[in-house]
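So the structure is just underneath, and the comments pick up after that.
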Amino acid sequence: MAKKDGKKHGSRSSGKDSERQRNGKAPAPLRELLRIPGGAKIDLSSYPAGATPTGPQDKAAGLAATAQMSEHLADLQERLWAASTAGDRRRLLLVLQGMDTSGKGGTVKHVIGHFNPSGCRIRSFKTPTAEERKHSFLWRIRRALPEAGEIGIFDRSHYEDVLIARVRELASRKEINDRYGEINRFEKSLADDGVTVVKVFLHISYDQQRRRLLERLDNPDKHWKFNVGDIDERALWPAYQRAYEIALDRCSTAEAPWYLIPADRKWYRNWAISKLLLEHLVALDPQYPKADFDVEESRKRLLAQNLTSPTGL
């Protein structure tokens, strides 16, 4: 992960990539560079939100690199769906978390641009309904999980119950502490059942959030996106940063690690998420199922129908 070190962009990972390239080695996978190790005692202030720790270093290059991945991503999605028709239960779940204006909604729109929407399951988790409050905090999450062959996208998630709940003191500290363990067990059960969980923390800076909120106020077409309550939440920035640090530390596991993506630059955020998804789907390597019928016999029958057209056609 890229931490502050006084260099341009504060990119430690970028330096490692340069060294690998000088030695004739390919850059390390992004999921290694941006992964948060469990028990790392995360200090978010040491991770510059405007960094470009690896990959393209300017907007034009970033947009081009992202576009180049689109066809490959679409092909892998189709293969994942096709494999499910033959009993492959694997699927992928992208979990997006971040402060207001970090780009969760924009990321959803961007990700969908790569894929066939019919193979995606998207869910945005807001304040629990009266019905949802009658159940465990994971109840509504389980009901929204992707099915075999699908790509699921969560705009916010079960982590709200250890983030907002902690900051706003909506539950006792003991209950919140117990939830970290519940989350880890839940995510391990997903991995055991064939779900690849990709958890992304969109790391935005305090100043960039202010700029984006002002943009919404200055543009009448974006007033619908502005929530007066965001100002109150912004006043709790230090508490939210601490809540995220604890969640990232306690819930980055071998089965479901967290990835920290610098999100001040939208183009870099989109490239990094596309790259993460590509790496995970390539690792899954879904395959088209073999035909369960006689291909040549079907070909002969189809070609034979072309000899005489049915009456009236």
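The values are calculated or read from the model by the stated rules, or taken from the named source; none is laboratory data. Source: prediction; values computed, not measured. Every residue, glycine as well, gets a Cβ built from its backbone with ideal geometry; the counts of neighbours run over all protein chains shown. Just so you know, the surface numbers come from the protein's heavy atoms only, side chains and all, with ligands and any DNA or RNA stripped out. Shrake-Rupley method; radii C 1.70, N 1.55, O 1.52, S 1.80 Å.
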Reduced Cα scattering model of the chain, Debye log10 I(q)/I(0), q = 0.07, 0.13 Å⁻¹: -0.33, -0.99
Vicinal HN-Hα couplings computed from phi for the stretch 127-144 (Karplus, 6.51 cos²θ - 1.76 cosθ + 1.60; Hz; Gly/Pro x): 4, x, 6, 4, 5, 5, 5, 7, 10, 4, 4, 8, 4, 6, 5, 4, 6, 10
Shape call, the stretch 50-175: gyration tensor on alpha carbons, a/c limit 1.5: oblate
Charge dipole (debye, nearest 20) of the chain; +1 at Cβ of Lys and Arg, -1 at Cβ of Asp and Glu: 720
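Taking 8 Å as the Cα distance limit and 6 or more residues as the minimum spacing, I'd like the relative contact order of the stretch 116-254 as a percentage.
Working: 85 pairs, mean separation 33.1, N = 139.
Here the relative contact order equals 24 percent.
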Karplus-derived 3J(HN,Hα), 6.51/-1.76/1.60, for each residue of the stretch 150-165, Hz, glycine and proline x: 9, 10, x, 10, 9, 8, 6, 6, 4, 6, 4, 7, 10, 9, 4, 4
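To the nearest 0.05, what FRET efficiency results for Lys174 and Arg242 with a Förster distance of 22 Å applied to their C-beta separation?
On the way: r = 18 Å, r/R0 = 0.81.
Once the sixth-power term is evaluated, E becomes 0.80.
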³J(HN,Hα), Karplus 6.51/-1.76/1.60, whole Hz, each residue of the stretch 270-277, x for Gly, Pro: 5, 5, 5, 5, 4, 5, 4, 4
Interchain or long-range residues, amide H under 5 Å from Ile153's placed H: Leu94, Arg121, Ile122, Arg123
Over the stretch 218-263: Kirkwood hydrodynamic radius from C-alpha pairwise inverse distances, Å: 13.3
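Once the convex hull of the C-alpha atoms of the stretch 150-254 is built, how many Å³ does it hold per residue, rounded to a whole number?
123
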Reachable aspartates and glutamates from Lys225, criterion Cα separation under 16 angstrom, eight or more residues apart if same chain: Asp100, Asp155, Glu215, Glu233
Dmax and Rg, reported as Rg then Dmax, of the stretch 171-313 (C-alpha, Å): 25.6, 77
Listed residue pairs exceeding 30 Å between alpha carbons, taken from Lys104/Lys290; Lys41/Lys126; Lys41/Lys134: Lys104/Lys290; Lys41/Lys134
The stretch 90-143, accessible area per residue, ligands and nucleic acids excluded (1.4 Å, Å²): 48
Degrees, to the nearest 10: 12-22 long Cα axis against longest axis of the chain: 50
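Compute the normalised compactness of the stretch 97-137: alpha-carbon radius of gyration over 2.2 N^0.38 Å, N being the residue count.
Taking the Cα Rg and dividing by 2.2 N^0.38 Å, one obtains 1.51.
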Cα-based helix-to-principal-axis angle, 295-304 vs the chain, degrees rounded to 10: 60
Under-5 Å amide H pairs with Thr253, H placed in peptide plane, nonlocal only: Trp258
The stretch 81-136: trypsin sites (Lys or Arg not before Pro) in DSSP coil with no more than 11 other Cβ atoms inside 10 Å: Lys126
Rounded to 10°, Cα long-axis angle of helix 237-250 versus longest principal axis of the chain: 50
